[in-house]
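Working notes for the structure below.
A short reminder: the numbers here are calculations on the coordinates, not readings from a lab. Computed from a predicted model, the values in this text were never measured in an experiment. Methodologically, a virtual Cβ is constructed for each residue, glycine included, from the backbone with ideal geometry; neighbour enumeration extends over all protein chains shown.
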Amino acid sequence: MKEIRAYIQPFMLSKLTMALLDIPGFPGMSVSDCEGFGRGKASASQDFSPFMAKKRIEIFAPDDLAEHIAAVILETANTHQPGAGTVYVLEVGKGARISQGQWES
């Protein structure tokens, strides 16, 4: 099992959600608001603050779907501008659906 964690521009969320829902077997996702900054410089049109609003997306997926999901995020959420976001694919030891009471690996 993998965790796909992405930080994207808020205005890209709807477009990305639709693209992810088109993936057969897509397991679902959690989305939260966050702020952060990276190495790039903010554009002059932004207020002076190193922090930029982002959406944090967390997806837990089977190994065979994880790379495809990450590729869809990279393609769909790309604004072709600095600050477009980041994507990470992480190993997950195990997880369980509480309602089922069974561990998955």
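Summing Lys, Arg as +1 and Asp, Glu as -1, what charge do residues with Cβ under 14 Å from the Cβ of GLU58 carry, GLU58 excluded?
+3
Tell me, SER99, SER49 in order of fewest to most beta-carbon neighbours within 10 Å?
SER99, SER49
For Rg/Rh (Cα atoms, Kirkwood Rh), pick the label among [x] 1.03; [y] 0.93; [z] 1.00 that corresponds to the value derived from the coordinates.
[x]
Have a look at ILE73, ILE57, ILE23 and tell me which one the Gaussian network model of the chain (Cα, springs below 10 Å) gives the largest fluctuation.
ILE23
With every atom except the alpha carbons ignored, what do you get for Rg and Dmax of segment 53-99, in angstroms?
Rg, Dmax (Cα atoms, Å): 13.0, 42.
Under a Cβ-only charge scheme (Lys and Arg +1, Asp and Glu -1), can you give me the dipole magnitude of the chain about the Cα centre, in debye to the nearest 20?
In total the dipole reaches around 280 debye.
Can you return the aspartates and glutamates within cross-link range of LYS54? Criterion is Cα-Cα under 16 Å, with same-chain partners fewer than 8 residues away left out.
Reachable aspartates and glutamates: ASP33, GLU35.
Return the aspartates and glutamates within reach of LYS94: Cα separation strictly under 17 angstrom, same-chain partners fewer than 8 residues apart disregarded; answer none if there are no such residues.
Hits, sequence-local ones excluded: GLU3, GLU58, ASP63, ASP64, GLU104.
All other residues with a Cβ under 9 Å from the Cβ of GLY85 taken together, and with Lys, Arg as +1 and Asp, Glu as -1, what is their net charge?
+2
What range in the chain is the longest one free of trypsin sites (Lys or Arg not before Pro) that are in a loop by DSSP and have at most 13 other Cβ atoms within 10 angstrom? Intermediate results must be reported in sequence, preceding the final value.
Details: sites that count: ARG39, LYS41, LYS94.
So the longest stretch without any such site is 42-93.
Say the dipole of the chain comes from +1 at the beta carbon of Lys and Arg and -1 at that of Asp and Glu; which of MET1, MET52, ILE73 then lies farthest toward its positive end?
Of the listed residues, the answer is MET52.
I'd like the orientation of helix 63-76 relative to the chain: the angle between its Cα long axis and the longest Cα principal axis, in ° from 0 to 90, rounded to 10.
The angle comes out at about 20 degrees.
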